[in-house]
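What follows is a short report on a single structure.
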Amino acid sequence: MEEAVDAGTVKQIGISNFYQLEDVQWLYEHARIKPKVLQNRFYPETNHDAELRSFCKAQGIEYQSFWTLTANEHAIHSPPALEIAQERGVSPEVLFYAFCMAIGISPLDGSTSEEHMREDMELMDRIRGGKKFFRNKSELETILLVLGFTHEFDRSTLLHTEEYAAEEL
């Protein structure tokens, strides 16, 4: 992969399906050209990759989630998440993507529905345009708790979500 970067065939290296922190650390330490992206399935059985996401953040590696929606339907359709989504006038799926972006995750969208793709693009435009999505950090924490996030990294991440949360929308 490094030769492909050297040759200009690709601009950066990404890795996928690395679920052990030690493996990512080893690769990072031994690679001449460091990976820029880690793409993993984002689900409760791996504690939503909290330690890996912490490492990625510290090293400037983008964390991308796949199966973001299908692996977390319990959270997406929980009463607290449904209530927040309804208040915002968005689908629960859009709310969950906004949450992921607020805590530094780039969710991958695999939809074949034009309506879902439009909603996702509108969300991206809204966030990139600097608009707030969540009323306050307690809404973000509600989703964090519904997901079952217990890792300190996730709780500390909420301290740095000012661009996504405001006291009033």
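Residues of the range 90-126 that are of a type in the set (A, V, I, L, M, F, W, C), over 19 Å from V37 (Cβ atoms), assigned to a helix (DSSP H, G or I) and open to solvent by 20 Å² or more (accessible area, probe 1.4 Å): M117, M121.
Mind checking whether some residue in the range 146-165 is modelled with pLDDT of 80 or more, open to solvent by less than 70 Å² (accessible area, probe 1.4 Å), out of contact with any strand residue (DSSP E or B) (no Cβ under 8 Å at 6 or more places or on another chain) and not in a helix (DSSP H, G or I)?
Residues of the range 146-165 modelled with pLDDT of 80 or more: 146.
Checking which are open to solvent by less than 70 Å² (accessible area, probe 1.4 Å) leaves us with 146.
If we keep only those that are out of contact with any strand residue (DSSP E or B) (no Cβ under 8 Å at 6 or more places or on another chain) as well, we get 146.
Restricting the remaining residues to those that are not in a helix (DSSP H, G or I) gives none.
Scanning the range 146-165, I find no residue that is modelled with pLDDT of 80 or more, open to solvent by less than 70 Å² (accessible area, probe 1.4 Å), out of contact with any strand residue (DSSP E or B) (no Cβ under 8 Å at 6 or more places or on another chain) and not in a helix (DSSP H, G or I), so the answer is no.
Among residues of the range 53-73 that are free of Cβ contacts under 8 Å to residues at least 60 places away in the same chain and at positive phi, those with a Cβ under 7 angstrom from a residue that is assigned to a loop (DSSP other than H, G, I, E, B) and surrounded by fewer than 18 Cβ atoms within 10 Å (Cβ to Cβ), sequence gap 6+ or separate chain, pair up as W67/Y43. One residue stands out among those in the range 127-138 that are in a helix (DSSP H, G or I) and within 24 Å of S54 (Cβ to Cβ): the one that is least open to solvent (accessible area, probe 1.4 Å), which is I127. The residue that is most open to solvent (accessible area, probe 1.4 Å), among those in the range 32-71 that are part of a loop (DSSP other than H, G, I, E, B), of a type outside the set (S, T, Y) and in contact with a strand residue (DSSP E or B) (Cβ under 9 Å, 6 or more places away or on another chain), is W67. Considering only residues in the range 7-31 that are over 23 Å from I103 (Cβ atoms) and touching a residue at least 12 places away in the same chain (Cβ under 8 Å), the one that is most open to solvent (accessible area, probe 1.4 Å) turns out to be L27. Of all residues in the range 12-56, those satisfying the criterion of being in contact with a helix residue (DSSP H, G or I) (Cβ under 7 Å, 6 or more places away or on another chain), modelled with pLDDT of 95 or more and charged (D, E, K, R) are R32, K34.
The values are calculated or read from the model by the stated rules, or taken from the named source; none is laboratory data. Note that the structure is a prediction, hence the values are computed from the model and not measured. Using ideal geometry, Cβ is built from the backbone for each residue, glycine included, and neighbour counts are taken over all protein chains shown. Heads up: the accessible areas ignore ligands, DNA and RNA and are worked out on the full protein's heavy atoms, side chains in. Shrake-Rupley method; radii C 1.70, N 1.55, O 1.52, S 1.80 Å.
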